[in-house]
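The values are calculated or read from the model by the stated rules, or taken from the named source; none is laboratory data. Worth saying up front: this structure is predicted, and the values here are computed from it rather than measured. A quick note on method: Cβ atoms are made from the backbone with ideal geometry, for glycine too, and the neighbour counts reach across all protein chains shown. Ligands, DNA and RNA are stripped out before the accessible areas are found, and what is left, the full protein with its side chains, is counted by its heavy atoms. Shrake-Rupley method; radii C 1.70, N 1.55, O 1.52, S 1.80 Å.
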Amino acid sequence: MQERYDPAAVEGSAQAAWQAANAFAADESAPGEKYYCLSMFPYPSGRLHMGHVRNYPIGDVLARFMRMQGRNVLQPMGWDAFGLPAENAAMANGVPPAQWTRDNIAYMKGQLQSLGLAIDWSRELATCDADYYKWNQWLFLRMLEQGIAYKKTGTVNWDPVDQTVLANEQVIDGKGWRTVAVVEKREIPMYYFGITKYADELRAALDHLPGWPERVRTMQANWIGRSEGVEVDFPYGEDTRALLGRDGALRVFTTRADTLMGATYVAVAAEHPIALAAAKERVELAAFIDECKQGSTMEADLATQEKKGLPTGMTVRHPLTEQLLPVWVANYVLMGYGEGAVMAVPAHDERDFEFAQKYSLPVRTVVGSASGQYDTVTAPWREAYGEAGLLVDSAEFTGLDSATAVNAIAAALGQRGRGARRVQYRLRDWGISRQRYWGCPIPIIHCPDCGDVPVPDKDLPVRLPENLVPDGGGNPLAKSASFLHCDCPRCGAAAQRETDTMDTFVDSSWYFLRFASAGNDRAMVDARADYWLPVDQYIGGIEHAILHLLYSRFWTRVMHTLGLVKTPEPFANLLTQGMVLNHIFHRTPATGRRQYFNPADVDLTVDPATREAKATLRSDGSTVTYEGLGTMSKSRGNGVDPNALTGKFGADTARLFMMFTAPPEQSLEWNEEGVLGANRFLRRLWKAVFDHVSAGGAVPGTLVAEAIAGNALSSADRDLRRAAHQTLAKVEDDIGRRRIFNTAVASVMELLNAVGKHAADAAGSQPAARAVRQEALEIAVMCLAPIVPHVCHELWQSLGHGGELWRTRWRQSDPAALVQDAMEIVVQVNGKLRGRVSVASGASDEVVRAAALADAAVRRFFEGREPKKVIVVKGKLVNVVV
RNA sequence: GCGAGAGUGGCGAAACUGGUAGACGCGCAGGUCUUAGAAGCCUGUGGGGUAACCCGUGAGAGUUCGAGUCUCUCCUUUCGCACCA
């Protein structure tokens, strides 16, 4: 064994050994309970960032740990390879997105492999591979057949200069990112997935996902946004009938049907058909509607925007009183939710109240507080009373409480055919059409005679041409004759392919199922998917809490409905890892753009008195502004290249730093000294094994067992044994149950400190002492194997074992080692720590109590008085109350 | 506005079920080795006090023999949703 720890050599030989043994290939027929460990696959952006260096080792620790626990582990990896950045890079460099993407994949795969991840690379996939996206298309066709996928017009961002559709992220402050032209809204036909059909299922099932963070479940529940209410029809008044030329009713949705008797007007969204009809008669209304359309891009401002509106001049009749109510167009009513129309009850809704005050509309109080006091809502009006309560001035409903009134009013409406209870969701159907090149083609052919014809299964996949280079002016597929022109599969006439591609969220909605059915060219999934699914542990960023995780759940449910997979839910346990943060420094010059500086080039000191941060740039010695901590990003200049980290210290140091500095779910602060600390620990670990081995060789297991069984152990030896076995149990619990790795590492550090002390001890060179130390070092190496696998692979062999630590069964901690002769009991007086006494292990409460009361340090506090009460907590402490 | 978290030394953090607050690491200080430095190694390190002790987990109250942990009020902060009728 070499004296110096050389990470490059150690990592090279460990990785070569794993590859030679094909160590991480997953086999469905292997023994052990299955364990599917999955980290969210990366987008091949070019190179790994620090977030990846944290994320993937987290999954790897679990995968390696579970393998040592005897589980049959699958840990696959792939590439989320379609998407906009490839098109942008293509435009910048003139390279086709396919080439750019595949080059990036090759490079990043090398980086991932150098991290020593226990991945089954034989199942690797990229979503831009035709044998993957073929099945997107295949399932899309099944969804069309089932009516789950359908076509309707949708709104897109249109750049009038480039004559192209823009993705939302290409719209900045309402302007196109390249042209800076004001973006327009356009209505075009698009395909949708009917996720709202599954809204209730998806929401209800959240309650049965105990392995998901509460936070994520809440976010999804809010996103789905279920609310129970009543839909109410307000019949058209005479004037409305005349204007529209037909009879009918204006439908609204309300969760506060109890306030129906207080409705004094009805408000509709600017895009509502009634508003559009009225606008034909009124110029100022048409102008107002245009204004609303313009302003509607910045969603964050909407909530604070001033309430505005105009009357339509039309009226509707109150469904119960037949009273005529005016219809207004209001900017606070959303077309996208409910019916795009609301009944306005100014007395009991803040928004309606604000609006009514502004336009002098009547306010009518119909609910008072339960105690009968409702003076706050009588004139002069100050605010709306939004709480539930008892109904007043509400005809036959007067005196009912709000909940009862909702039922009674819904029933009354039902009798007249003017309303019914209904559940409303915030969730919209999922529009999947993208007017982009680098994505999965939607398998539809447009025939002049037959209309939209699905591509027959036998013609799948519809291959995306890989040699096109986008130029910013529209979708290159529409200009590619060989892609565009085809024959109608139904009538044979000349036809055109659909040029829209699918949202990349479609690609990532089922890749975890394909990993489990890798290589099957006859079916999307097979029985292997039922073996591996659901994913036992899914790991990824919180930024995917809603869209990706909801779409994947939806897609899995669709496949479940179609009988393709047994599980309705894809991910049993979810771990959302925190981000990697670094300091941000900048200067803002008098003219020009803000300039950012890498934290490595800046000295940051904090004044202990004022707590003010002072940052100076080392190169010129003058001040820079400290912005605080933020995610590592190129634009803020605070990134650290993973290659610089692994190149200098090795993958194990990188992994240890990531696992030790913070628990997985928390954000982690980049810290150069912390990396050095991690590296220092690995060198100490190496040296501890080296010292042990060079002082007389590794002690064979038989001799260790003999020494333990015999009677030769000193009390120092027994203490070390106990520490080792306690560590073993703690690490197993921390990784296996708590999913907290920093404390696991800390406990191994303690063990190593104990080994060092034990070795330095006068009797440390005795054969029995060496045997105990051999065992302790083996335990330390075993505990660290999931976290720093390369160095452990090497040290395990140095300790006299073979090269298969990766599949060595985790040791059970020895109960005999944990037994203690004496235990220390803490003695408190009135809850304050006053002393410690040592008693025999398993001593009775009486003995412990007597020992505590006899202690001189304790007696001082109740000299001459009798303790009022003595509480004994078994094995821990005694509290004397005086 | 609504919802979910978080607040502990100079710093990252630990304390899981109410039971020794600050494990482990970083930083810092002193010592040792060295021609010197780097790297090691050893010791110390929440604040106050010569000491006995006292004070300390954002603030204030409460429950309890005992509260970082439970309850209430408030402050600060992060994240998500945001005119959702």
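Observations
- Condition broken by A:ALA242, with the remaining ones in (1) more than 9 Å from RNA strand B (Cβ to nearest atom); (2) farther than 26 Å from A:VAL342 by Cα satisfied: (2)
- Number of residues in region A:692-706 that are open to solvent by less than 70 Å² (accessible area, probe 1.4 Å) and part of a helix (DSSP H, G or I) equals 5.
- Residue tally, condition within 7 Å of RNA strand B (Cβ to nearest atom), more than 19 Å from A:TYR5 (Cβ to Cβ) and open to solvent by less than 70 Å² (accessible area, probe 1.4 Å), over region A:662-685: 5
- Flag for A:ALA615 being of a type in the set (Gly, Ala, Ser) and in a strand (DSSP E or B): yes
- Selection status of A:ARG718, surrounded by fewer than 22 Cβ atoms within 10 Å (Cβ to Cβ), within 16 Å of RNA strand B (Cβ to nearest atom) and basic (Lys, Arg): no
- Here A:VAL827 fulfils each of the conditions (1) open to solvent by 70 Å² or more (accessible area, probe 1.4 Å); (2) within 13 Å of RNA strand B (Cβ to nearest atom) apart from (1).
- When A:ALA688 is tested against (1) closer than 19 Å to A:MET1 by Cβ; (2) away from RNA strand B (no atom under 11 Å from the Cβ); (3) in contact with a helix residue (DSSP H, G or I) (Cβ under 7 Å, 6 or more places away or on another chain), just one condition goes unmet, and that condition is (2).
- For region A:18-58, the set of residues classified as within 25 Å of A:ALA98 (Cβ to Cβ) and without any contact (Cβ under 8 Å) to a residue 24 or more places away in the chain is empty.
- Between A:VAL161, A:VAL183, the distinction of being of a type in the set (A, V, I, L, M), touching a residue at least 12 places away in the same chain (Cβ under 8 Å) and surrounded by fewer than 18 Cβ atoms within 10 Å (Cβ to Cβ) belongs to A:VAL161 only.
- Verdict on A:ARG186 being outside any loop (DSSP other than H, G, I, E, B), out of contact with any helix residue (DSSP H, G or I) (no Cβ under 9 Å at 6 or more places or on another chain) and more than 13 Å from RNA strand B (Cβ to nearest atom): yes
So that you can scan it fast, the table gives a plain yes or no per residue for (1) assigned to a loop (DSSP other than H, G, I, E, B); (2) of a type in the set (Val, Ile, Thr); (3) closer than 17 Å to A:LYS134 by Cα; (4) within 16 Å of RNA strand B (Cβ to nearest atom):
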{"residue": "A:PHE505", "(1), (2), (3), (4)": "no, no, yes, yes"}
{"residue": "A:GLU543", "(1), (2), (3), (4)": "no, no, no, yes"}
{"residue": "A:HIS548", "(1), (2), (3), (4)": "no, no, no, yes"}
{"residue": "A:TYR551", "(1), (2), (3), (4)": "no, no, no, yes"}
{"residue": "A:TRP555", "(1), (2), (3), (4)": "no, no, yes, no"}
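- Within the set A:GLU673, A:GLU706, the sole residue that is modelled with pLDDT of 90 or more, under 30 Å from A:GLN113 (Cβ atoms) and out of contact with any helix residue (DSSP H, G or I) (no Cβ under 6 Å at 6 or more places or on another chain) turns out to be A:GLU673.
- Filtered residue count, region A:866-882, keeping only those that are more than 6 Å from RNA strand B (Cβ to nearest atom), in a loop (DSSP other than H, G, I, E, B) and either polar (S, T, N, Q) or in contact with a strand residue (DSSP E or B) (Cβ under 8 Å, 6 or more places away or on another chain) (or both): 4
- Close Cβ contacts (under 7 Å, 6 or more residues apart or on different chains) running from residues in region A:524-546 that are open to solvent by less than 10 Å² (accessible area, probe 1.4 Å) to residues that are charged (D, E, K, R) comprise A:TRP532/A:LYS34.
- Number of the exception - A:VAL781 against (1) at pLDDT 95 or above; (2) buried (at least 18 other Cβ atoms within 10 Å of the Cβ); (3) within 15 Å of RNA strand B (Cβ to nearest atom): (3)
- A:VAL755 under 16 Å from A:PHE690 (Cα atoms) and not charged (D, E, K, R): yes
- Looking across region A:629-661, the residues that are part of a loop (DSSP other than H, G, I, E, B) and open to solvent by less than 10 Å² (accessible area, probe 1.4 Å) come down to A:ASN638, A:GLY650.
Here is a yes/no grid of residues against (1) outside any helix (DSSP H, G or I); (2) touching a strand residue (DSSP E or B) at 6+ places or on another chain (Cβ under 7 Å); (3) farther than 30 Å from A:MET143 by Cα:
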{"position": "A:MET559", "(1), (2), (3)": "no, no, no"}
{"position": "A:GLY563", "(1), (2), (3)": "yes, no, no"}
{"position": "A:THR567", "(1), (2), (3)": "yes, no, no"}
{"position": "A:GLY592", "(1), (2), (3)": "yes, no, yes"}
{"position": "A:TYR596", "(1), (2), (3)": "yes, yes, yes"}
{"position": "A:ALA600", "(1), (2), (3)": "no, no, yes"}
{"position": "A:LEU604", "(1), (2), (3)": "yes, yes, yes"}
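- Candidates A:LEU629, A:LEU645 - the one that is closer than 21 Å to A:TYR596 by Cβ, aliphatic (A, V, I, L, M) and within 11 Å of RNA strand B (Cβ to nearest atom): A:LEU629
- Note on region A:45-95: residues that are open to solvent by 20 Å² or more (accessible area, probe 1.4 Å), closer than 23 Å to A:TRP806 by Cα and not in a helix (DSSP H, G or I) total 3.
- In region A:831-865, the qualifying residues are those that are outside any loop (DSSP other than H, G, I, E, B) and modelled with pLDDT under 85, and the one that is most open to solvent (accessible area, probe 1.4 Å) is A:ARG860.
- Failed condition for A:SER798, given (1) without any contact (Cβ under 8 Å) to a residue 60 or more places away in the chain; (2) of a type in the set (Gly, Ala, Ser); (3) away from RNA strand B (no atom under 16 Å from the Cβ): (1)
- Test: residue in region A:397-411 that is assigned to a loop (DSSP other than H, G, I, E, B) and buried (at least 21 other Cβ atoms within 10 Å of the Cβ): no
- Residue within region A:324-339 that is at pLDDT below 85 and within 11 Å of RNA strand B (Cβ to nearest atom) present: yes
- Pair list, Cβ < 8 Å and 6+ apart or interchain, from region A:854-879 residues that are more than 20 Å from A:GLU824 (Cα to Cα) to residues that are more than 11 Å from RNA strand B (Cβ to nearest atom): A:PRO867/A:LEU853
- Qualifying residue in region A:574-586 (condition: out of contact with any Phe, Trp or Tyr (no Cβ under 6 Å at 6 or more places or on another chain), assigned to a loop (DSSP other than H, G, I, E, B) and open to solvent by 50 Å² or more (accessible area, probe 1.4 Å)): yes
- Hits in region A:200-214 - residues which are open to solvent by 40 Å² or more (accessible area, probe 1.4 Å) and in contact with a Leu (Cβ under 9 Å, 6 or more places away or on another chain): A:ARG203
- In region A:226-271, counting only strands (runs of 3 or more DSSP E) that sit wholly within it, the ones holding 2 or more residues that are open to solvent by 60 Å² or more (accessible area, probe 1.4 Å) span A:226-235.
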